[in-house]
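What follows draws every value from the coordinates through simple rules; no lab data is involved. Given the structure is predicted, the values throughout are model-derived calculations rather than measurements. Cβ sites come from the backbone with ideal geometry, for glycine too, and all protein chains shown count toward neighbours.
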Amino acid sequence: MNQPVDLRFIGMLSSESAEAAALGGITALDEAHRQVRGWKVSMEPPQSAWGLPAYAVQVQAELDEGALVATRAHGSDLMAAMQDAFEGMQQLLGRRASAQPQHVTSSY
C-alpha cells in the first residue's frame, strides 16, 4: 500500500483492531484497484440523536477525477459497519471499472 491513508476516529478513542481492519480493507482494495490515489476512512460511535444508535464508517477512495464514498451504519458493532463500508466501496469501484471504456488494440 503506497497510497496516502487518512484514518480518523471521530468522537471516540482509537482502536488497534479497528485500525488494523481498516488498513487490511484498504490493502485488499488497493491491490485490485490501482487507480486509487489515496484513502480516507472515518469511524464514529453510535449517535442516539439520529434515531437508532449505530456506528458509522465512511470509506473514501480518492481518484484522479474525484472521489467515491461509501458510508455504512451498523448497530452496536463497529467491525460489522466497517466490513459493510468496505464491501460498499468494492461495489462502487467495481461498477466504475465496468463502466470504463475498454481499450482494444488490433493489428491490420
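General remarks:
- Relative contact order [Cα under 8 Å, 6+ residues apart], region 5-96, whole percent: 24 percent
- Rg followed by Dmax, in Å, when region 1-92 is reduced to its Cα trace: 12.8, 39
- Within the chain, helix-based [θ] at 222 nm, where runs of 4 or more DSSP H residues each add -39,500 (n - 2.57), nearest 500: -12500 deg cm²/dmol
- Seen against the Cα atoms of the chain and their longest principal axis, helix 78-99 is set at about 20 degrees.
- A Förster radius of 25 Å combined with the Cβ-Cβ distance from Ile10 to Asp64 puts the calculated FRET efficiency at roughly 0.40.
- Inter-probe distance in nm under a simple model that places probes 7 Å from Cα toward Cβ, at Ala80 and Arg96: 2.8 nm
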